[in-house]
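The values are calculated or read from the model by the stated rules, or taken from the named source; none is laboratory data. The model shown is predicted, which means the values in this text are computed figures rather than measured ones. Note: ideal-geometry Cβ built from the backbone for every residue, glycine included; neighbour counts use all protein chains shown. Ligands, DNA and RNA are excluded from the accessible area calculation, which covers all protein heavy atoms including side chains. Shrake-Rupley method; radii C 1.70, N 1.55, O 1.52, S 1.80 Å.
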Amino acid sequence: MPDSTAHRIQLLQGDITKVKADAIVNAANSSLLGGGGVDGAIHRAGGPAILENCRKIVARQGGCKTGEAVITTGGRLPAQYVIHTVGPVWNGGHKNEPALLANCYRNCLALAQEHGLKTIAFPNISTGIYGYPKDKAAAVAVQTVLHYLAQHDVPEQVTFVVFDPENLRLYEEQLAHLKS
Ligand code: AR6
């Protein structure tokens, strides 16, 4: 892994709705019609234009499957776009959860690349209401993103936005291995 790849990854603790990236990622559900957690925060802060876009996508393709991703406007957010992805619900780890979670990260990055977006910020998908163990989710997130960046020049920069102190510590651990 070239050192320069790891340096395209940043870690930030805080509220993703305040992050000024070309796109922020939403940990949505397959209805795409909103929910709690980071999903609720993004729709509240971004305003109704995001839900209007989501409704059009639902009318066209009927929601979003686990591991897949769709893109909408960022509405009033500082980010231009929101990429909505649906993480797996944790079911003990024997229902293909790691592969589905990796698909989320890869499909978001591919969608960003298709739209020529240089910067993207991810929340810790599935680690809230969906109950994915945070240590396992952090390892999947960091490994999947690194692997993608090593093979693609765009997006140029990926930010992991951690909300709680446990995720901050876990991501710091994951990234320390890489940059040392
Ligand atoms: N900024 C950054 N991260 C946040 C924020 C925020 N403003 N708010 C929460 N987090 P969750 P999931 C973190 O539950 O587990 C929704 O109802 C939070 O601490 O938002 O993928 C959807 O509609 C956690 O680490 O998403 C789905 O039904 C992470 O974001 C379901 O929840 C993800 O927690 C998806 O569950």
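What FRET efficiency do you get for Lys18 and Leu51 if R0 is 22 Å and r is their Cβ-Cβ distance, rounded to the nearest 0.05?
E(calc), rounded to 0.05, equals 0.65.
In Å², what does the accessible area per residue of region 1-89 work out to with a 1.4 Å probe? Can you show the working numbers first?
On the way: 4180 Å² over 89 residues.
Counting only protein heavy atoms, the per-residue value for region 1-89 is 47 Å².
What net charge do the residues around Asp135 carry, taking every other residue with its C-beta under 14 Å from that of Asp135, with Lys and Arg at +1 and Asp and Glu at -1?
-2
Need the C-alpha centroid separation for region 49-128 versus region 140-169, integer Å.
Here the two parts' Cα centres lie 14 Å apart.
Quick check on my link table: of Lys95/Lys136; Lys18/Lys118; Lys65/Lys136; Lys56/Lys95; Lys95/Lys118, which ones sit more than 26 Å apart, alpha carbon to alpha carbon?
From Lys95/Lys136; Lys18/Lys118; Lys65/Lys136; Lys56/Lys95; Lys95/Lys118, over 26 Å: Lys56/Lys95; Lys95/Lys118.
Can you tally the net charge around Leu100? Count Lys and Arg as +1, Asp and Glu as -1, for every other residue whose Cβ sits under 10 Å from the Cβ of Leu100.
On the way: positive: Lys65, Lys95; negative: Glu68, Glu97.
Taking every Cβ under 10 Å from that of Leu100, the sum is 0.
How high is the relative contact order of the chain, in percent, with contacts defined as C-alpha pairs under 8 Å that are six or more residues apart?
RCO, the chain: 29 percent.
I'd like the carbon and sulfur percentage of the solvent accessible area for the chain, probe radius 1.4 Å, heavy atoms only, ligands and nucleic acids excluded.
Ligands and nucleic acids excluded, carbon and sulfur give 51 percent.
When the dipole is taken about the Cα centre of region 7-179, and only Lys, Arg (+1) and Asp, Glu (-1) are charged at their Cβ, what size is it in debye, to the nearest 20?
300
Just for the chain, what percent of DSSP beta bridges are antiparallel, to the closest 5? Walk me through the numbers before you get to the answer.
Numbers: 5 of 22 bridges.
Percent antiparallel among DSSP bridges in the chain is about 25.
Once you have the alpha carbon radius of gyration of the chain, what is it after dividing by 2.2 N^0.38 Å, with N set to its residue count?
Numbers: Rg = 15.0 Å, N = 180, 2.2 N^0.38 = 15.8 Å.
The chain yields a ratio of 0.95.
Counting Lys +1, Arg +1, Asp -1, Glu -1, what net charge surrounds Asp153 among other residues with beta carbon under 13 Å of its beta carbon?
Its environment carries a net charge of +1.
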